[in-house]
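Heads up: the structure comes next, in structure tokens.
The values are calculated or read from the model by the stated rules, or taken from the named source; none is laboratory data. The shown structure was predicted, so the numbers you read here are calculated from the model rather than taken from an experiment. When we count neighbours, we look across all protein chains shown, and the Cβ atoms used for this are built from the backbone with ideal geometry, even at glycine.
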Ligand SMILES: C[S@@+](CC[C@H](N)C(=O)[O-])C[C@H]1O[C@@H](n2cnc3c(N)ncnc32)[C@H](O)[C@@H]1O
């Protein structure tokens, strides 16, 4: 029987995703207290994010992930452009204070997951990307890194894993995305293709193109047969950073893609998509969004730590995306929520 990608679940699975990602809060807090003396250091001298990164001998991406999480937890705040302790952190997390609970948090200092997080923060390299780890990094492929998306078994494993989120959120994306006038949708890094299959089912005149790595597209093709839309969907394999993107799309979807990449790749990919888009068309960023002030929401800050661990990215704010979109000549529209902390930020290419 043909599957319907437009049917919504009866209950909201968001709490399940939040609990699943909750371990990163404990890892980051323990790392800050027991491995980096972050609270002692900021108590002695508040400083900027860049100065803190230097003090802790970590790069700016891990510093961003760590500080965003601690700000979201109410442990740090920004005052006069410097990172400062909140009253809570000053009373309970500065070593030697009357009510310091650092020793208690130290109970987890040698937990394997905390040690792994400390190592990731120091190395700024995703899990699996070292030749010694084997397997390759999940979800990302670019020249120069070992990628799990290139081998049949690991590509299949990681691609199918994401269907657990896609099948819940795709009906909500299809509900809010206006593709009534679009003819050709290009889904860059489409994975299983479930978001495109939902959009094709919702818009009977739409043609789809799924662009991804070859082993991923094998899974997408299999999945697409269940949704009965493959007569309107083309599969194109390539490297989204290097290969020419299929032309004449009047909608391009980047669903859960940019959060896998660091700033230069995000800017480059948005620019490539903006150039490939037909005049009047829309680039649709479907992703999570941090507050523009980078101090929450906590579930997104903890998901950012997960993205940081697996990929070369992190969660970004809508303000960060708007800057890149405007620099690429696009006109960003307001973010519309979909599900599981995701939202749609569309940007129009002037006609
Ligand atoms: C996090 S997944 C997102 C999948 C899907 N869009 C979703 O929302 O579930 C990232 C996808 O980007 C693809 N990808 C990563 N690097 C790529 C590259 N350089 N060229 C093409 N696809 C790439 C991966 O194979 C993977 O399917």
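Can you confirm whether residue 222 is in a helix (DSSP H, G or I), within 15 Å of the ligand (Cβ to nearest atom), within 16 Å of residue 193 (Cα to Cα) and without any contact (Cβ under 8 Å) to a residue 12 or more places away in the chain?
Judged against the criteria, residue 222 is a match.
Those helices (runs of 4 or more DSSP H) of the range 52-110 in which 3 or more residues are surrounded by 13 or more Cβ atoms within 10 Å (Cβ to Cβ) occupy 60-72, 87-92. Residue-level check: of (1) within 21 Å of the chain's Cα centre (by Cα); (2) more than 12 Å from the ligand (Cβ to nearest atom), residue 184 misses just (1). Within the range 271-286, the set of residues being within 15 Å of residue 323 (Cβ to Cβ) and buried (at least 24 other Cβ atoms within 10 Å of the Cβ) comprises 283, 285. The single residue among 88, 66, 105, 70 that is more than 16 Å from the ligand (Cβ to nearest atom), within 20 Å of residue 22 (Cβ to Cβ), assigned by TED's automatic domain parsing to the domain that holds residue 49 and out of contact with any helix residue (DSSP H, G or I) (no Cβ under 8 Å at 6 or more places or on another chain) turns out to be 88.
What residue, of 269, 245, 307, 254, is in a strand (DSSP E or B) and within 16 Å of the ligand (Cβ to nearest atom)? Before you say what the answer is, go through the steps one by one.
Working: 269 fails: in a strand (DSSP E or B); 245 fails: in a strand (DSSP E or B); 307 fails: in a strand (DSSP E or B).
The conditions single out 254.
Do we have any residue at all in the range 133-151 that's in a helix (DSSP H, G or I), away from the ligand (no atom under 12 Å from the Cβ) and outside the structural domain of residue 250 (by TED's automatic domain parsing)? Among the residues of the range 133-151, at least one is in a helix (DSSP H, G or I), away from the ligand (no atom under 12 Å from the Cβ) and outside the structural domain of residue 250 (by TED's automatic domain parsing), which makes the answer yes. A single member of 281, 238 is closer than 19 Å to residue 158 by Cβ and either outside the structural domain of residue 179 (by TED's automatic domain parsing) or over 18 Å from the mean Cα position of the chain (by Cα) (or both), and it is 238. When we screen 162, 172 for residues that are near the ligand (Cβ under 9 Å from one of its atoms) and under 19 Å from residue 288 (Cα atoms), the only hit is 162. State whether the residues of the range 326-337 include one that is closer than 29 Å to residue 21 by Cα and assigned to a strand (DSSP E or B). Yes: the range 326-337 contains one or more residues that are closer than 29 Å to residue 21 by Cα and assigned to a strand (DSSP E or B).
Taking the range 225-242 as the search range and keeping residues that are part of a loop (DSSP other than H, G, I, E, B) and surrounded by fewer than 14 Cβ atoms within 10 Å (Cβ to Cβ), which one is farthest from the ligand (Cβ to nearest atom)? Can you show your working first?
Filtering the range 225-242 down to residues part of a loop (DSSP other than H, G, I, E, B) leaves 228-229, 238-242.
Of the ones still in play, those that are also surrounded by fewer than 14 Cβ atoms within 10 Å (Cβ to Cβ) are 239, 241-242.
Details: 239: 4, 241: 5, 242: 8 Å.
Filtering the range 225-242 for residues that are part of a loop (DSSP other than H, G, I, E, B) and surrounded by fewer than 14 Cβ atoms within 10 Å (Cβ to Cβ), the one farthest from the ligand (Cβ to nearest atom) comes out as 242.
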